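> Before I ask anything, here is the structure I am working with.
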Amino acid sequence: MILGRIAGTIVATRKDEMLRGKKLLIVQLIDPETQEAKSPAAYQVCVDTVGAGARETVITVSGSSARFSSGLADHPVDSAIVAIVDTIDLHKEEEL
């Protein structure tokens, strides 16, 4: 699973039939400690399965895990948003 923030949307009028009606979002990967972007080029396109919105922090899955997401079985999907994050509580080494 990967932590990211919604950075934008993609509109594709011509796409595989199996992707019709699916919302495509651009997710920028973030560092769980700082919640800042990992790098300026760390983006991925994901199919939204949870109704995520602009600037929300989300969890994504990729590969075969994405195809197990709700409504995506047998779809040509490599990355899917599977959760909207409410809070992040990172336990630092010195706290353990």
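Just so you know, all these numbers are worked out from the coordinates, no wet-lab data involved. Bear in mind that the values here come from a model prediction, so they are computed numbers and not experimental data. So basically every Cβ, Gly included, is an ideal-geometry build from the backbone, and we count neighbours across all protein chains shown.
> R0 = 30 Å: FRET efficiency of residue 65 with residue 93, Cβ-based, nearest 0.05?
0.60
> Moving on. Taking the Cβ of residue 45 as the centre, find all other residues whose Cβ is under 13 Å away and add up their charges (Lys, Arg: +1; Asp, Glu: -1).
+1
> I'd like the GluC sites (Glu not before Pro) in segment 8-96 restricted to DSSP loop residues with at most 15 other Cβ atoms within 10 Å, sorted by number.
Those satisfying the criteria are 33, 36.
> Starting from segment 1-95, pick out the trypsin sites (Lys or Arg not before Pro) whose DSSP state is loop and whose Cβ has at most 10 other Cβ atoms within 10 Å.
In loop regions of segment 1-95 (DSSP not H, G, I, E or B), the sparsely surrounded trypsin sites (Lys or Arg not before Pro) are 14, 20, 55, 92.
> If you line up the Cα atoms of the chain on their principal axes, what length do they span on each, largest first, in Å?
Sorted largest first, the three principal extents are 51, 25, 20 Å.
> While we're on this one: Would you mind computing, in nm to one decimal, how far apart the modelled labels at residue 83 and residue 34 are, each placed 7 Å from Cα along Cα→Cβ?
2.4 nm
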